[in-house]
1. Tell me, in nm to one decimal, what length is gained between Gln28 and Trp131 on full extension, where the rule is 0.36 nm per residue of separation less the Cα-Cα distance?
2. Provide the packing ranking of 97-110, 119-132, 177-190, i.e. peptides ordered by the mean count of other C-beta atoms within 10 Å per residue, highest first.
3. Label Gln166 and Cys229 with points 7 Å out from Cα along Cα→Cβ: what is the distance between them in nm?
4. So what are the ³J(HN,Hα) numbers for the range 146-151, from phi and the Karplus equation (6.51, -1.76, 1.60; θ = phi - 60°), rounded to whole Hz, Gly and Pro as x?
5. Treat the count of other C-beta atoms within 10 Å as a stand-in for reagent exposure and order Ser51, Ser233 from fewest to most.
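Read-outs: derived from the displayed coordinates by stated rules, not from any lab. Every value quoted in this text rests on a predicted model; they were computed, and no experiment measured them. When we count neighbours, we look across all protein chains shown, and the Cβ atoms used for this are built from the backbone with ideal geometry, even at glycine.
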Amino acid sequence: MTTIYALWLRELKRYRRSPIQLIVSLGQPVLYLLVLGFGLGPVFQKAGNGSYLQFVAPGVIGMTVLFSSVFNGVGLLWDRQFGFLKETLVAPVARTHIMLGRILGGATISVIQGTLVMLVCIAAGFRPASWLQLPLAFFFMLCIAVVFGALGTAIGAVLKDMQGFQLIMNFLVMPIFFLSGALFPLTNLPAALAVLTSLDPLSYGIDGLRNALIAAVHFGFALDTVVLCVAASIFLALSTFCFSRIEI
C-alpha cells in the first residue's frame, strides 16, 4: 500500500509541476462545448430536445476524463524512453503495486481535469438538475478514469515507441468517444449503431454522468454501474498481465 500511495503522489506532483498541461487539457473540451453547444443549440432546440448545452456538457466532461486517463496510461512510453520506468521496476516492490499507483494517480488527475471542465460548463451557462447529485457525477468520472486509465496502461505496456500512438488514437480512442453518445442521444438509433454504442464502455459512463447532472438516463444507474465495474475489472486484469511482461 505504501508503494501505491507513493506512486499516486508522484503522479500528482508531476501534474502540479506542469501548469501548461492544465491549460492544454482545457482547450479541446472548451472548443467542443462552445462550438457545438452554441452552434448546434438552435437545431437541437427546434427538434424539441431542449438545450443542447445542457445535453452536451456531461459528454464533454466525460470526454475530458477519457482522453486524460488514456494519455496518462500511455505516458508509460515516456517513462520507458527516458529511463524512469526502469528505475521504478528495479525497486523491490510488486509490479502490481506500481501499476495500481500509476492508474490511481492518473485517475485522480483525470477527475481533477473533469472537475475543471465542469466549472467551465457552469460558467458557460450549464446548470445541474440537482446540486445534491454532484457526488454521483464524481463517482462516474472516477469510474471512467479507472477503466480507461487501465486500458491506457495496457496499451503503454505493449507499445515499444510513440509511432503506434497515433494509430491507437485514430482507431481506438476516437471511436470510443464518438460511439459513446457524448454528442448525440442514444435513442432511435439505427440497429447497427445501437449495438456498437451498447458495446462501448464509455456510453455507460456518459449515461451515468447525464443521470447525475441533468436527470436524463438511457441505460439506468444499475446497468451503468455494473458495466463500468466489469470493464474496470477486465482492463485492470489486462493491464496487470501486460505490465508484468514489460522487459527492463
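1. The span from Gln28 to Trp131 would gain 34.5 nm if fully extended.
2. Peptide ranking by packing, descending: 97-110, 177-190, 119-132.
3. 4.2 nm
4. 5, 4, 8, x, 5, 5
5. Least crowded to most crowded, the residues run Ser233, Ser51.
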